[in-house]
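One structure is given below, represented as structure tokens, and several questions about it will come after.
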């Protein structure tokens, strides 16, 4: 059990109902029902970046597979075809979830990024540049799960 290993938070929920995508903007919760109220889950949001992309080469696929929830969680996040450019990834994944989270005044939002996929698709990391520039333009703060955990833990201690 991860609690026994000393972990106090995790980010392991990265799908919607029935393993659909994009993952909804579910916010933090604990595993109190399972007897571990001290363990916080920070669910991930949006698409797994690799699912949106067409890639080729050893160990990769030519057409991604999608499991889209019906009705879609984010209809504006469903591209007409697999994305081929970093700008499309930003538009159909990052911008959509950032805009929705901002509109709904959510505590946090976290895209689902896989380093191997980011590097293979966009070695210059243009999508990451676009995303972090957009975060700054919207006046949001980029952080880590460790810092987010510290914040919510200190808020819980006060209440």
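Throughout, read-outs are computed from the coordinates displayed, never taken from laboratory work. Just so you know, these numbers come straight off a predicted model, no measurement behind them. No Cβ is skipped: glycine too gets one built from the backbone with ideal geometry, and neighbour counts run over all protein chains shown.
Name the single residue that is farthest from residue 69 (Cα to Cα) among those in the range 6-17 being in contact (Cβ under 8 Å) with a residue 60 or more places away in the chain and assigned to a loop (DSSP other than H, G, I, E, B).
Filtering first and then ranking leaves 8.
Oh, and also: Where residues in the range 117-142 are in contact with a helix residue (DSSP H, G or I) (Cβ under 6 Å, 6 or more places away or on another chain) and part of a helix (DSSP H, G or I), which of them is surrounded by the most Cβ atoms within 10 Å (Cβ to Cβ)?
The selected residue is 127.
Test residue 145 against the criterion of being surrounded by fewer than 17 Cβ atoms within 10 Å (Cβ to Cβ), free of Cβ contacts under 8 Å to residues at least 24 places away in the same chain and closer than 22 Å to residue 48 by Cβ, and give yes or no.
no
Taking the range 92-106 on its own, how many of its residues are more than 13 Å from residue 46 (Cβ to Cβ) and either free of Cβ contacts under 8 Å to residues at least 24 places away in the same chain or in contact with a helix residue (DSSP H, G or I) (Cβ under 8 Å, 6 or more places away or on another chain) (or both)?
Adding up the residues that qualify gives 2.
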